[in-house]
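K.L.:
Before I ask anything, here is the structure I am working with.
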């Protein structure tokens, strides 16, 4: 599939001063960590994508909260270190649904080896997929959020302008 900008989403889950991470052992990169995250699929809302990715990568059901932050990877500005696809990642503040326990799924992503709770204080010492440990620590201490406005949830409006006019 060809993308101008690929849209990814992720679940940021923090409980008891620990953060939930997925662990990967890549033959070229070695061991690194990420969040339950992945690309949004056609005909899927961002919220639906977060729930699906959490289920696929950590075998959990989550309540998706507000947008925590947005991360952009622009290959031309980063010497293509993570490939050639321009990517916009939206990380959502999530909580586990009652009775949901993180674990490695039966069919994990390639090279995925574990799902782990890691103390927030150790985050900056880990090799993360994107080097955003400091930003996650800052977010965990301040919890400032960004609203995600979903068109279908907005009230209908009456149009007063005739859009057939020429400008």
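K.L.:
Could you tell me what percent of the DSSP beta bridges with both partners in the range 1-144 are antiparallel, to the nearest 5?
P.N.:
Details: 26 of 35 bridges.
That works out to approximately 75 percent antiparallel.
K.L.:
Over the chain, what relative contact order in percent results from Cα pairs under 8 Å that are six or more residues apart? Write down the numbers at each step before the final one.
P.N.:
Details: 287 pairs, mean separation 46.7, N = 167.
Once divided by the residue count of the chain, the mean separation gives 28 percent.
K.L.:
Could you work out how far apart the two model spin labels at residue 76 and residue 56 are, taking each label as a point 7 Å from the Cα in the direction of the beta carbon, and quote it in nm?
P.N.:
Label at residue 76, label at residue 56, 2.9 nm between them.
K.L.:
Moving on to the next point. Where in the range 76-107 does the amide nitrogen come within less than 18 Å of the point 7 Å from the Cα of residue 140, taken along Cα to Cβ?
P.N.:
Taking a point 7 Å out along Cα→Cβ of residue 140, the residues of the range 76-107 whose backbone N falls under 18 Å are 91-96, 102.
K.L.:
Continuing with the same structure: Taking the 0 to 90 degree range and rounding to the nearest ten, how far is the long axis of helix 46-58 tilted relative to the main principal axis of the chain, both from C-alpha atoms?
P.N.:
10
K.L.:
At a 10 angstrom cut-off on C-beta neighbours, averaged per residue, how do the peptides 75-81, 5-11 rank from highest to lowest?
P.N.:
On the way: 75-81: 9.7, 5-11: 20.1.
Going by the mean number of other Cβ atoms within 10 Å, highest first, we get 5-11, 75-81.
K.L.:
Would you kindly compute the Cα radius of gyration of the chain and its largest Cα-Cα separation (Dmax), both in Å?
P.N.:
Cα radius of gyration and Dmax of the chain are 18.0, 59 Å respectively.
K.L.:
Here's a follow-up. For a Förster distance of 25 Å, can you work out the FRET efficiency between the beta-carbons of residue 97 and residue 43, rounded to the nearest 0.05?
P.N.:
Working: r = 24 Å, r/R0 = 0.95.
Computed FRET efficiency for residue 97 and residue 43 comes out at 0.55.
K.L.:
Which one, 146, 60, 19, has the greatest fluctuation when you compute a Gaussian network model over the chain with C-alpha springs under 10 angstrom?
P.N.:
Of 146, 60, 19, the Gaussian network model singles out 146 as fluctuating most.
K.L.:
Now for a separate question. Report the per residue volume, in Å³, of the convex hull enclosing the C-alpha atoms of the range 52-139. Walk me through the intermediate numbers first.
P.N.:
Numbers: hull volume 11.2 nm³, N = 88.
For the range 52-139, the hull spanned by Cα atoms encloses 127 Å³ per residue.
K.L.:
A further question on this structure: Quickly rank 27-34, 126-133 as a protection proxy: mean count of other C-beta atoms within 10 Å, highest first.
P.N.:
Numbers: 27-34: 12.0, 126-133: 15.5.
Result, highest mean first: 126-133, 27-34.
K.L.:
Taking the chain as a Gaussian network, where each spring joins two C-alpha atoms under 10 Å apart, which residue of 26, 93, 61 fluctuates the most?
P.N.:
Largest GNM mean-square fluctuation: 26.
K.L.:
Now, a different point. Mind checking the angle between helix 133-142 and the chain's longest principal axis? C-alpha axes, 0 to 90 degrees, to the nearest 10.
P.N.:
70
Each value in this text was obtained by applying a stated rule to the coordinates, not by laboratory testing. All values reported here derive from a predicted model rather than from experimental measurement. Cβ coordinates were reconstructed from backbone atoms using ideal geometry, including for glycine residues, and neighbour counts include every protein chain displayed.
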